[in-house]
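All remarks here apply to the structure that follows.
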Amino acid sequence: MLNKINLWKKSSNSSTLRDRIVNTKQHSIPSHIAIIMDGNGRWAKRRALPRIAGHHEGMKVVRKITKLANQLGVKVLTLYAFSTENWKRPKSEVDYLMKLPEEFLGTFLPELIEENVQVKMMGNKEQLPTYTLNAIEKAMVDTKDNTGLVLNFALNYGSRVEILEAVKHVLNDCKSGIMNENEITEDVFSSYLMTSEFNDPDLLIRTSGEIRLSNFMLWQLAYSEFWFTDTLWPDFNEEDLLDAVDAYQSRQRRFGGV
Ligand code: V07
């Protein structure tokens, strides 16, 4: 009975979860959300489809989630699209994945431009096929003056390599006298990472039930809130993102109350 009343109350109330977030808690919208988009292969397997069908479905979810994040006022959305470890997958799957940026941008770039979204990429560009890199670089140029959400793709990205490269760069700058050893603070070191232009993520989301970081933004996630869901990435929808943001905001409130 109680449930029924609550359900009725909910549906008769014009204030949806989304309204609540946008209207009353704008101050605590996570400014940077990072997502590990896991479970595409498993989604396909459950439907007796090839793994690439899961990746393709996952690509469409990227579009949906980008749109909502932008509407909510999120400033940066970093998506783990391809890790340095993903090269170990079968060649046919890697080949397919490398075509997804081009397909995604070929389909959605006009809408992203319309929505004032800025496309960025972090990761090692050198090993990427030319057609992949060309598509991304064109999108980056076409959206460079946009002032809405930054859609930052982590592609051929690995956090330990990122940190090692930063260490080497710092050492070089010390050797050449640009910097002194005792000037290396956390903020200075952060400025040598691929995320130098962004704040650290406020919220990390990982789908499909795995509770680990898998070499993703190890330095940057030091103080972030983590939100895990069993939902597979191709099934992840607007409601799931709102749930994650809601959980983030409740934690912020508890923290603020102490
Ligand atoms: C990929 C779809 C999402 C689920 C995770 C794996 C598969 C979008 C991109 C993309 C990347 C760069 C860019 C524009 C779009 C993408 C890869 C895989 C490799 F500028 N989705 N998606 N790239 N998947």
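In a DSSP loop and with at most 14 other Cβ atoms within 10 Å, the GluC sites (Glu not before Pro) in the range 50-130 are Glu126. Going through the range 161-258, which trypsin sites (Lys or Arg not before Pro) have at most 15 other Cβ atoms within 10 Å and a DSSP loop state? Taking the range 161-258 and a limit of 15 other Cβ atoms within 10 Å, the loop trypsin sites (Lys or Arg not before Pro) found are Arg212.
Let me know the charge dipole size of the chain about its Cα centre in debye, to the nearest 20, where only the beta-carbon of Lys, Arg (+1) and Asp, Glu (-1) is charged. Please report the intermediate quantities before stating the final value.
Working: 32 positive and 34 negative charges, 219 e Å.
So the dipole magnitude of the chain works out to roughly 1060 debye.
In whole percent, what relative contact order does the chain give with Cα contacts below 8 Å and a gap of six or more residues? Can you show the working numbers first?
Details: 356 pairs, mean separation 68.3, N = 258.
Averaging sequence separation for qualifying contacts and normalising by length gives 26 percent for the chain.
Angle of helix 91-114 to the longest C-alpha principal axis of the chain, folded into 0 to 90 degrees and rounded to 10: 70°. Comparing Ile205, Ile184, Ile35 in a Gaussian network model of the chain (Cα springs below 10 Å), the most mobile by mean-square fluctuation is Ile184. In the chain, a dipole from Cβ-located charges (positive for Lys and Arg, negative for Asp and Glu) runs towards its positive end, and of Trp233, Ser83, Gly177 it is Trp233 whose Cα lies farthest in that direction. Annotation for the range 172-258: chymotrypsin sites (Phe, Trp or Tyr not before Pro) lying in DSSP loop with at most 12 further Cβ atoms inside 10 Å of their Cβ are Tyr223. Highest mobility in the GNM of the chain, judged by mean-square fluctuation with C-alpha springs under 10 Å and restricted to Ser92, Ser190, Ser31, is found for Ser92.
Taking the charge dipole of the chain about its Cα centre, with +1 at Lys and Arg Cβ atoms and -1 at Asp and Glu Cβ atoms, the residue from Ser224, Gly148, Ala244 reaching farthest to the positive side is Ala244. With springs only between Cα atoms under 10 Å apart, run a GNM on the chain and tell me which of Val188, Val74, Val119 wobbles the most. So, out of Val188, Val74, Val119, the one fluctuating most is Val188.
Pairs of alpha-carbon atoms within less than 8 angstrom and 6+ residues apart define the contacts here; what relative contact order does the range 69-207 have, in percent?
Relative contact order comes out at 32 percent.
Ordering Thr107, His56, Ala135 by Cα displacement along the dipole of the range 14-144 toward the positive end leaves His56 in first place; charges were set at the Cβ atoms of Lys, Arg (+1) and Asp, Glu (-1). Nearest 10 degrees is fine. How inclined is helix 238-257 to the longest principal axis of the chain, computing both from alpha carbons? With both axes taken from Cα atoms, the answer is about 80 degrees.
The numbers here are math on the coordinates, done by the rules we state, and not lab data. Worth saying up front: this structure is predicted, and the values here are computed from it rather than measured. Cβ: placed from backbone, ideal geometry, glycine included. Neighbour counts: every protein chain shown.
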